[in-house]
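Here the structure is laid out as structure tokens; the discussion comes afterwards.
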Amino acid sequence: MPQPVAIVTGGGRGIGRAIVRELSRTHHVIATYNTNREAAEAVASETGATILPCQLSDLESIDRFIDQISEQFPKVDLLVNNAGMAPRERRDLLEATPESFDELLATNLKGPYFLTQKIARRMIEQKSGRIVFVSSISSFTASANRGDYCVSKAGLSMAVKLFAARLAADNVPVFEIEPGIIRTDMIASVAATYEQRIADGLLPQRRMGEPSDIANVVRAVADGRLDYCTGQVIHADGGFHLRIL
């Protein structure tokens, strides 16, 4: 039997790289990249993944990506919407710019939304498939110095519910993974601050998360262990979401 096929957006670094490494044990992985081809090539060399460009903020780029995979891969078994971006500059909510808002919404919400729409159509024809959205604790946590990012992730959370409801009868479960504070280059500039806050009790589990913590959750989805849990939000955040008195 041919290997199942998984798409991982933003597969060249951080959480995406860990997911590609984990899935490559059982799947042929298609890892997308935007600008950092060198990092994607390194992952491909290590895992055997296919790498393809896809700029999520550009719907024509998404169409080109779909055309490429349609030619090479007749079936897609798993879509992991992992790629995203943080604000280029953290700004107070009252000083935020429309340019930053538009960029984050296009990359973090609009792109994954319409990529999923196109892949979901294929999965309906196949009568099988699984979809994962990697969102963030910022989907429910207010950070006034990066409101555009929070809004983009809150929208992504609703997209999960919408696709889960629409695709349930077609045997395509949809899941949301909400990472907490994960050790990646996205938080490198504030990592020391987070480490201190974690030591002071920010998280019930007194450690920062690792990309492998998220990859392990994707593994459970990929293996079909959670298929009856469609629409579920999986908190991979060391207990951050808990309201503790």
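What are the residues in region 9-58 that are touching a residue at least 40 places away in the same chain (Cβ under 8 Å), under 14 Å from residue 185 (Cβ atoms) and in contact with a Gly (Cβ under 7 Å, 6 or more places away or on another chain), if any?
Across region 9-58, the qualifying residues are 10, 16, 17.
Spot the failing condition for residue 164; the list is (1) at pLDDT below 95; (2) among the hydrophobic types (A, V, I, L, M, F, W, C); (3) more than 25 Å from residue 61 (Cβ to Cβ), and only one is missed.
Just one mismatch for residue 164, condition (1).
I'm told residue 30 meets every condition in (1) crowded, with 19+ Cβ neighbours inside 10 Å; (2) under 23 Å from residue 103 (Cα atoms) except one. Can you identify the failing condition by its number?
With respect to (1) crowded, with 19+ Cβ neighbours inside 10 Å; (2) under 23 Å from residue 103 (Cα atoms), residue 30 is out only on (2).
Only residues that are more than 17 Å from residue 175 (Cα to Cα), out of contact with any Gly (no Cβ under 8 Å at 6 or more places or on another chain) and not in a loop (DSSP other than H, G, I, E, B): list them for region 74-100, please.
94, 95, 98, 99, 100 - these are the residues of region 74-100 that are more than 17 Å from residue 175 (Cα to Cα), out of contact with any Gly (no Cβ under 8 Å at 6 or more places or on another chain) and not in a loop (DSSP other than H, G, I, E, B).
Give me the residue from region 101-142 that is surrounded by fewer than 21 Cβ atoms within 10 Å (Cβ to Cβ) and touching a Phe, Trp or Tyr at 6+ places or on another chain (Cβ under 7 Å) and, out of that set, farthest from residue 225 (Cα to Cα).
137
In region 208-229, is there at least one residue being at pLDDT 95 or above, farther than 19 Å from residue 133 by Cα and assigned to a loop (DSSP other than H, G, I, E, B)? Walk me through it before giving the result.
We begin by selecting, within region 208-229, every residue at pLDDT 95 or above; these are 208-229.
When the remaining residues are screened for being farther than 19 Å from residue 133 by Cα, the result is 208.
From what is left, the residues that are assigned to a loop (DSSP other than H, G, I, E, B) are 208.
Checking region 208-229: at least one residue is at pLDDT 95 or above, farther than 19 Å from residue 133 by Cα and assigned to a loop (DSSP other than H, G, I, E, B).
Within region 45-62, which residues are among the aliphatic types (A, V, I, L, M) and within 17 Å of the chain's Cα centre (by Cα)?
51, 52, 56, 62
Out of 153, 161, I need the residue that is charged (D, E, K, R), in contact with a Gly (Cβ under 9 Å, 6 or more places away or on another chain) and within 22 Å of residue 85 (Cβ to Cβ). Which one?
153
What is the number of the single condition among (1) touching a residue at least 12 places away in the same chain (Cβ under 8 Å); (2) surrounded by fewer than 21 Cβ atoms within 10 Å (Cβ to Cβ); (3) not in a helix (DSSP H, G or I); (4) not β-branched (Val, Ile, Thr) that residue 175 does not meet?
(2)
Condition check ((1) of a type in the set (D, E, K, R); (2) part of a loop (DSSP other than H, G, I, E, B); (3) in contact with a His (Cβ under 8 Å, 6 or more places away or on another chain); (4) under 17 Å from residue 219 (Cβ atoms)) across all residues:
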position: 26; (1), (2), (3), (4): no, yes, no, yes
position: 32; (1), (2), (3), (4): no, no, no, no
position: 35; (1), (2), (3), (4): no, yes, no, no
position: 38; (1), (2), (3), (4): yes, no, no, no
position: 64; (1), (2), (3), (4): yes, no, no, no
position: 67; (1), (2), (3), (4): yes, no, no, no
position: 71; (1), (2), (3), (4): yes, no, no, no
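Take the residues in region 143-159 that are surrounded by fewer than 16 Cβ atoms within 10 Å (Cβ to Cβ) and out of contact with any Cys (no Cβ under 8 Å at 6 or more places or on another chain); name whichever of them is farthest from residue 187 (Cα to Cα).
Looking at residues that are surrounded by fewer than 16 Cβ atoms within 10 Å (Cβ to Cβ) and out of contact with any Cys (no Cβ under 8 Å at 6 or more places or on another chain), I get 158.
The values are calculated or read from the model by the stated rules, or taken from the named source; none is laboratory data. Keep in mind it's a predicted model, so treat the numbers as computed, not measured. Positions of Cβ are generated from backbone atoms using ideal geometry, with glycine treated the same way; all protein chains shown enter the neighbour counts.
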